[in-house]
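The values are calculated or read from the model by the stated rules, or taken from the named source; none is laboratory data. Keep in mind it's a predicted model, so treat the numbers as computed, not measured. Using ideal geometry, Cβ is built from the backbone for each residue, glycine included, and neighbour counts are taken over all protein chains shown.
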Amino acid sequence: MPAYLKDITEFPELEKLNSVLIVPCRFCPAASMAVRTQRPYFEFLWRFLKTASYEELIKTITSNLEERGVRTDVFKSYWPHQFVVCMWTKRRRKKLLKRARKYEALVVLGCEAAVDTVHDAVTSIPCKVFMGMRSEGIMSIQPHFHMPCNLSLDLNYVTPLVHQAKHAVPWVSL
């Protein structure tokens, strides 16, 4: 049951900064982009465990920031156990902290739990954390395998998050 996320495309606050690290979760955001664009979630033979539409979103965000003079990079995850940010190990969080020291801000592409995880990992440094996506609900999806080795997701429905406003994280920059 992945969260259904909408991306935040404009970051005027970041244009004033010199450096930004993009921290993508590779589960819910990738599933949301695949559903929204009606493209495969995984194309195992071409991209293995990457979602083309999500990779395009990441590239668009970094390109837009770089056009405005902001140095960017992406905190990459290569192993499947590192893909879901809200379930990162202590070691993975330490690795993020080490990388985050070189940046003024982090943009988290994930749900509010991912933002919490990232914020908790970097509380000891003066690095701002920004939400790059916002949860709109929980998706009910059906996976479908297509030849040659593609996995697509059909959206049944999105159950809205009715209590989201009451539980907004007060420290997160929007």
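Listing for the model above:
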{"read-out": "Scan of segment 57-105 for residues that are within 25 Å of Y4 (Cβ to Cβ), surrounded by fewer than 16 Cβ atoms within 10 Å (Cβ to Cβ) and of a type in the set (A, V, I, L, M, F, W, C), ordered by number", "value": "M87"}
{"read-out": "Scope segment 106-129; condition assigned to a strand (DSSP E or B) and surrounded by 22 or more Cβ atoms within 10 Å (Cβ to Cβ); matching residues", "value": "L106, V107, V108, L109, V129"}
{"read-out": "Looking only at segment 1-27, and only at residues there that are at pLDDT below 90 and under 15 Å from K50 (Cα atoms), the one that is farthest from the chain's Cα centre (by Cα)", "value": "F27"}
{"read-out": "Residue within segment 166-174 that is surrounded by fewer than 18 Cβ atoms within 10 Å (Cβ to Cβ), modelled with pLDDT of 85 or more, in a strand (DSSP E or B) and not hydrophobic (A, V, I, L, M, F, W, C) present", "value": "no"}
{"read-out": "Filter pass, T51 being under 15 Å from the mean Cα position of the chain (by Cα), at pLDDT 90 or above, on the phi < 0 side of the Ramachandran plot and not small (G, A, S)", "value": "no"}
{"read-out": "Tally, over segment 6-39, of residues that are within 19 Å of V122 (Cβ to Cβ) and in a helix (DSSP H, G or I)", "value": "2"}
{"read-out": "Every residue from segment 80-91 that is at pLDDT 85 or above and not in a helix (DSSP H, G or I)", "value": "W88, T89"}
{"read-out": "Pick from segment 94-105, criterion in contact with a strand residue (DSSP E or B) (Cβ under 9 Å, 6 or more places away or on another chain) and not in a loop (DSSP other than H, G, I, E, B), ranking: nearest to P24 (Cα to Cα)", "value": "L96"}
{"read-out": "Of the criteria (1) of a type in the set (S, T, N, Q); (2) assigned to a strand (DSSP E or B); (3) under 12 Å from the mean Cα position of the chain (by Cα), which one S77 fails", "value": "(2)"}
